[in-house]
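Novice: Just passing along the structure, written as structure tokens.
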Amino acid sequence: MPEMDLETLIQGVKDRNRRMIAKTMTLIESRVPAHQEMAAKIMEQILPMAGNSTRLGVTGVPGVGKSTFIENLGVYLADAGHQVAVLAVDPSSGAAADPFWGTRPGWKNWPPMPTPLSARLLPARP
């Protein structure tokens, strides 16, 4: 990841700039020590902005309906006026995982971007 100004990334997250949010997420996921230091500084600045956000964890065996549940809940919440983001970790996927979970064939009701809904699938790391 090319070096970016810390303030540019923070302001991009505050402005809900999807490109800056994606770059910030990549920085946070990085195992490079310099990136981890930057990520810690970014998190110090943006965590207070979370307000009364809610985080929900969904787990289960394959085929139990996790994707269907997440899709339906996300669409329901977005229709109710909420901003929804999905960060998914798929332990069965490798490095070539689908970069955008919402493109999965099963997610028929997931609206095209830009919307109050966004999603990102991360492969599990060893």
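Novice: Could you please find all residues in segment 10-30 being assigned to a loop (DSSP other than H, G, I, E, B), under 21 Å from residue 88 (Cα atoms) and either in the same structural domain as residue 87 (by TED's automatic domain parsing) or not polar (S, T, N, Q) (or both)?
Specialist: Matches in segment 10-30: 16 only.
Novice: Tell me, yes or no, whether segment 31-39 has at least one residue that is loosely packed, with under 15 Cβ neighbours inside 10 Å, at pLDDT below 90 and either touching a helix residue (DSSP H, G or I) at 6+ places or on another chain (Cβ under 9 Å) or not assigned by TED's automatic domain parsing to the domain that holds residue 70 (or both).
Specialist: yes
Novice: In addition: Give all pairs with beta carbons closer than 9 Å in which a residue from segment 45-67 that is in a loop (DSSP other than H, G, I, E, B) meets a residue that is surrounded by 10 or more Cβ atoms within 10 Å (Cβ to Cβ) and of a type in the set (Phe, Trp, Tyr); count only pairs at least 6 apart in sequence or on separate chains.
Specialist: Close Cβ pairs (under 9 Å, with a partner that is surrounded by 10 or more Cβ atoms within 10 Å (Cβ to Cβ) and of a type in the set (Phe, Trp, Tyr)) amount to 58/69; 60/69.
The values are calculated or read from the model by the stated rules, or taken from the named source; none is laboratory data. The structure displayed is predicted, hence computed values, not measured ones. As a convention, Cβ positions derive from the backbone with ideal geometry for all residues, glycine included, and neighbour counts pool all protein chains shown.
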